[in-house]
Amino acid sequence: RVLAVIREALPDDTVICSDMTQIAYAANEVFPVSRPRTWLHPVGFGTLGFALPAGIGAKFGVGATPVAVMIGDYGIQYTINELGTAAEHKLPLIVLMWNNDALGQIRDDMVNKGIQPNAVTLKNPDFQMLARAYGCNAEKPASLKALAAAIKAALAADGPTLIEMTPRMVNG
């Protein structure tokens, strides 16, 4: 349902740079993309943090075409400083961050194999405050309807917007 809202809210020509995160793994299978070179996903080797710098590079490359980043709460922390780069250049980048307070796929894989989860649920920062500290817009929609509105606002913004999505948002 979250991916359907994202797809509906973004223009068809949006370049999407995804990271190693559960929402992107699902999107690799079900997210409709109708134009070449509009879905950029790192394959292999657990490339956490790829999406944000890739999105910045893509935005410089495609000009006025919208660019969105699909990243998780842990992956963004590998390259969080790049929010400052996006803000410095006033790039209207849409950062769609899935926050499940975990390395969710690794945690779930451990549980499914009967392994006690270890080091997969560390403390996250307040991403809203952190984004604003870099000079970015920040939203934390409480519902899918609010997510659609946040994406539409981010498309019109004059700089980067971090949109923090949570599993609770789906039921809001």
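What number comes out for accessible area per residue over the chain if the probe is 1.4 Å? Units Å², please.
Counting only protein heavy atoms, the per-residue value for the chain is 49 Å².
From the Cα gyration tensor of the stretch 131-172, with a ≥ b ≥ c the square roots of its eigenvalues, which class applies: rounded if a/c is under 1.5, or else prolate if a/b is larger than b/c, or else oblate? The partial results should precede the final answer.
Details: a/c = 4.01, a/b = 1.63, b/c = 2.46.
It comes out oblate by the Cα gyration axes.
Using per-residue counts of other Cβ atoms within 10 Å, averaged over each peptide, order 145-153, 91-99, 162-170 from highest down. Don't skip to the end; give the middle numbers.
Numbers: 145-153: 17.0, 91-99: 24.4, 162-170: 19.8.
For the peptides 145-153, 91-99, 162-170, the packing ranking is 91-99, 162-170, 145-153.
For the chain, give the percent of accessible area contributed by carbon and sulfur heavy atoms, probe 1.4 Å, rounded to a whole number.
Numbers: 4690 of 8500 Å².
Here it works out to 55 percent.
Taking θ as phi - 60°, what are the ³J(HN,Hα) couplings along the stretch 130-143 by the Karplus curve (6.51, -1.76, 1.60), each to the nearest whole Hz, with x for Gly and Pro?
My calculation for the stretch 130-143 gives 5, 4, 5, 4, 7, x, 9, 6, 9, 9, 9, x, 9, 8 Hz in order.
Counting Lys +1, Arg +1, Asp -1, Glu -1, what net charge surrounds ALA142 among other residues with beta carbon under 12 Å of its beta carbon?
On the way: positive: LYS140, LYS145, ARG168; negative: GLU139, GLU164.
Charge balance in the 12 Å sphere: +1.
Which FRET efficiency, nearest 0.05, do ASP108 and VAL43 yield, Cβ-Cβ r, R0 30 Å? Don't jump to the answer; show the numbers that get you there.
Values: r = 20 Å, r/R0 = 0.66.
Computed FRET efficiency for ASP108 and VAL43: 0.90.
Would the stretch 1-61 count as rounded, prolate or oblate if I go by the C-alpha gyration tensor, calling it rounded below 1.5 in a/c and otherwise prolate when a/b exceeds b/c, oblate otherwise?
Details: a/c = 1.84, a/b = 1.14, b/c = 1.61.
Note, shape of the stretch 1-61 comes out oblate.
Hey, can you grab everything whose amide H is under 5 Å from the amide H of LEU93? Only 5+ residues off in sequence or another chain; H modelled, so Pro and N-termini drop out.
THR161
When the gyration tensor of the chain is built from Cα positions, what are the square roots of 5 times its three eigenvalues, in whole Å, from largest to smallest?
Values: eigenvalues 114, 62, 54 Å².
Gyration-tensor ellipsoid for the chain: 24, 18, 16 Å.
Determine, from the Cβ-Cβ distance of ASN81 and ILE115 and an R0 of 35 Å, the FRET efficiency 1/(1 + (r/R0)^6), rounded to the nearest 0.05.
Computed FRET efficiency for ASN81 and ILE115: 0.60.
Can you give the local net charge around GLY57? Use residues other than it whose beta-carbon is closer than 15 angstrom to its beta-carbon, Lys and Arg +1, Asp and Glu -1.
-1
Provide the packing ranking of 63-73, 38-48, i.e. peptides ordered by the mean count of other C-beta atoms within 10 Å per residue, highest first.
On the way: 63-73: 22.2, 38-48: 14.5.
Put in order of decreasing packing, that is 63-73, 38-48.
When the helices in the chain are scored as -39500 (n - 2.57) per DSSP H run of 4 or longer and the sum is shared across all residues, what 222 nm value do you end up with, to the nearest 500 deg cm²/dmol? Walk me through the intermediate numbers first.
Details: 7 runs with 65 residues, N = 172.
That comes out to -11000 deg cm²/dmol.
Would you mind classifying the stretch 73-172 by shape? Square roots of the alpha carbon gyration tensor eigenvalues, ordered a ≥ b ≥ c; an a/c under 1.5 is rounded, otherwise it is prolate if a/b is larger than b/c and oblate if not. Walk me through the intermediate numbers first.
Values: a/c = 2.92, a/b = 1.62, b/c = 1.80.
Oblate shape, in that a/c is at least 1.5 and b/c is the bigger or equal ratio.
Give the long-range amide H neighbours of CYS17: residues separated by 5 or more places, or on another chain, with amide H under 5 Å away, using H modelled in the peptide plane at 1.01 Å from N.
The answer is LEU40, ALA68, VAL69, MET70.
Relative to the longest principal axis of the chain, what angle (0 to 90°, nearest 10) does the C-alpha long axis of helix 51-62 take?
It is inclined by approximately 20 degrees.
If you fit an axis through the alpha-carbon atoms of helix 144-156 and take the longest principal axis of the Cα set of the chain, what angle between them do you get, 0 to 90°, nearest 10?
40 degrees
What is the spin-label model distance, in nm, from VAL33 to ALA153 if the labels are put 7 Å beyond Cα along the C-beta direction?
So the two model labels end up 2.8 nm from each other.
The values are calculated or read from the model by the stated rules, or taken from the named source; none is laboratory data. Predicted model, so just to flag it, every value in this text is computed and none were measured. Ideal geometry is used to build each Cβ from the backbone, glycine not excepted, and the neighbour counts take in all protein chains shown. Ligands, DNA and RNA are stripped out before the accessible areas are found, and what is left, the full protein with its side chains, is counted by its heavy atoms. Shrake-Rupley method; radii C 1.70, N 1.55, O 1.52, S 1.80 Å.
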